[in-house]
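Each reported figure results from applying straightforward, stated rules to the coordinates on display, with no laboratory input. Computed from a predicted structure; not experimentally measured. Cβ coordinates were reconstructed from backbone atoms using ideal geometry, including for glycine residues, and neighbour counts include every protein chain displayed.
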Amino acid sequence: MILDARVLQPEFIPQEVKHRSAEVGHLSDTLRPVMDGNHAETSFLYGPSGTGKTCIAQYTVERLRENTFDLTHQYVNCWEDYTRFKTLYRILDGISSTVDIHRKSTPKDELLERLRRNVDDPYIVILDEVDQLEDKSLLYDLYRIPNLAMILIANREEDVFAHLDDRLNSRLSSSVRIRFGRYNLTGLTAILEDRVHWGLVDGALDQEGMELIADKAAGDARKAIGILRNAAQTASYNNLDAIPHSVIEDSVSETKSEIQQKTIDKLTDDQRVLYEILTEDEEIDPATLYDQYTDRVDDAKSKRMVRNYLAKLEHYNLIVSEGQTKGRIYRLKRVC
C-alpha cells in the first residue's frame, strides 16, 4: 500500500504547497534582497504547531535556491541546539567551517568571528523554535553579519520579543511578521490528497477518509499526516487493499501519543525536570513547583525563565494551567 514512506513524514517538503501561497509570496519578497547582495529584513514566522511554518520556510528557500547558484542555507532547531555554542556550530556547519572546531576547547568568540569571516555569499539561516535560545543576544550578532539573513520561527511573538534588551529589540522590531493560522478542513484535506497521491497506491484512501482525518486533526497538519501514516501502516500490516475508517479512528489516539512522546524526547534538561515533577503530582502551584525544581538541579534558572519553560510545555499540550497568578496551578495533560 505504501509507495513512498518519506511522503508520510511531517518533515517531507513537497514540490508544491497547498493553501499557503500568500505566506510563500510574502517570505519570498522579504528574502529577495539577499539574492541581489543586499540586506534583507529578518522574517518572523509564528503560529500554533502544525500550521506549516517550518515547511514553508524550507520550501521557500529551496525555490529561491533554484534561481540563485550561490545561495546557501542552514536549518537550526534551537530546541535541540539551544546554547550559543551549539547554534553557532550548526550555522557554521552549513558552510562547511567546523572541521577543526572542538566543543570543549574552541572559544565561543572564535565561532562568531569565523562566521563573520566566512559568509561571503548570500546565506539564509532558519532558526526554528527560536524562543528556546538561551542567549538571545546571539540574534543581534547574527543580524550584524552582512549577507546573512535570518528566518525566525516560534509559536508566539511574546515568547521571542517580550524579554529582549533594548539594543536587540530595536533591531528586530522591524522584522517582517508572517502569521500562520490553523488549517481549515479544506486546506488539510488538500494536503492529505497530495500525500495520498504520492505516498500510497491508487484507491488506498477515499475522499471521505481524508476528510475524516482532517476533521480529527483539528487544523494541525502534523497530526493529520501522522494519522494518515499510522493508519496506512496498520492497513498494510493487515494486508488490506484500502484504509477503513475504523482504522483511521483507531489511529487518532496512537498519533497523539506518538507526538507527545516526540515532544518529551526533545525537552531540555531543565524542562524535563519540571515535567517529571508534574508527572509525580496531581496538581501543583508555581511556588512549590519552583522550590522542587531548584532542589533537583545544580544551576537553577530564574523564575521568569521557568515560567517561559512552562508556557512552552503548555503550548505543546504536555501540561495545562488553571487560574491566574497566585491562584494558578499546573497539572499534567493526559492523552485522550
Query raised in the report: Across 20 Å bins from 0, what is the distribution of all Cα-Cα pair distances for the chain, in whole percents?
Result: 28, 54, 18, 0
Requested in this report: Specify the inter-centroid distance of region 260-275 and region 116-154, based on alpha-carbon positions, in whole Å.
Outcome: 25 Å
Report task. With a cut-off of at most 16 other beta carbons within 10 Å, and DSSP calling the residue loop, which trypsin sites (Lys or Arg not before Pro) in region 142-239 qualify? Please list them. Result -> Arg144, Arg156, Arg182
**Report entry** Residues Asp29, Asp241 arranged by fewest to most Cβ contacts within 10 Å
**Finding:** Asp241, Asp29
Report task. Using only Cα atoms, locate the centre of region 42-61 and the centre of region 286-336, then give the distance between them in Å, rounded to an integer. Result -> 27 Å
Query - DSSP beta bridge pairing in the chain, given as percent antiparallel to the nearest 5 - result: 25 percent
**Report entry** Given charges at Cβ of Lys, Arg, Asp, Glu: region 127-207 dipole, positive-most of Val201, Leu152, Gln132
**Finding:** Leu152
Requested in this report: Quote the relative contact order of the chain in percent (integer), defining contacts as alpha-carbon pairs under 8 Å separated by 6+ residues.
Outcome: 20 percent
Report task. Place a +1 charge on the Cβ of each Lys and Arg in the chain and a -1 charge on the Cβ of each Asp and Glu, then give the dipole magnitude about the Cα centre in debye, rounded to the nearest 20. Result -> 720 debye
Requested in this report: Can you find, among Asn238, Thr189, Gly47, the residue farthest towards the positive end of the dipole of the chain? Put +1 on the C-beta of Lys and Arg, -1 on that of Asp and Glu.
Outcome: Gly47
Query - Karplus-derived HN-Hα couplings along region 219-230 (A = 6.51, B = -1.76, C = 1.60, θ = phi - 60°), whole Hz, x at Gly and Pro - result: x, 9, 5, 4, 5, 4, 5, x, 4, 4, 4, 5
Report summary line: Among Lys223/Lys266; Lys216/Lys312; Lys53/Lys326, the pairs whose Cα-Cα distance exceeds 29 Å are Lys53/Lys326
Query raised in the report: If you project the alpha carbons of region 145-234 onto their three principal axes, what span does each projection cover, largest first, in Å?
Result: 57, 28, 22
Report task. Go through 44-50, 157-163, 277-283, 132-138 and give me the packing order, highest mean Cβ count within 10 Å leading. Result -> 44-50, 132-138, 157-163, 277-283
**Report entry** Ellipticity estimate at 222 nm from DSSP helix runs (n ≥ 4, -39,500 (n - 2.57)) divided over the chain, nearest 500
**Finding:** -15500 deg cm²/dmol
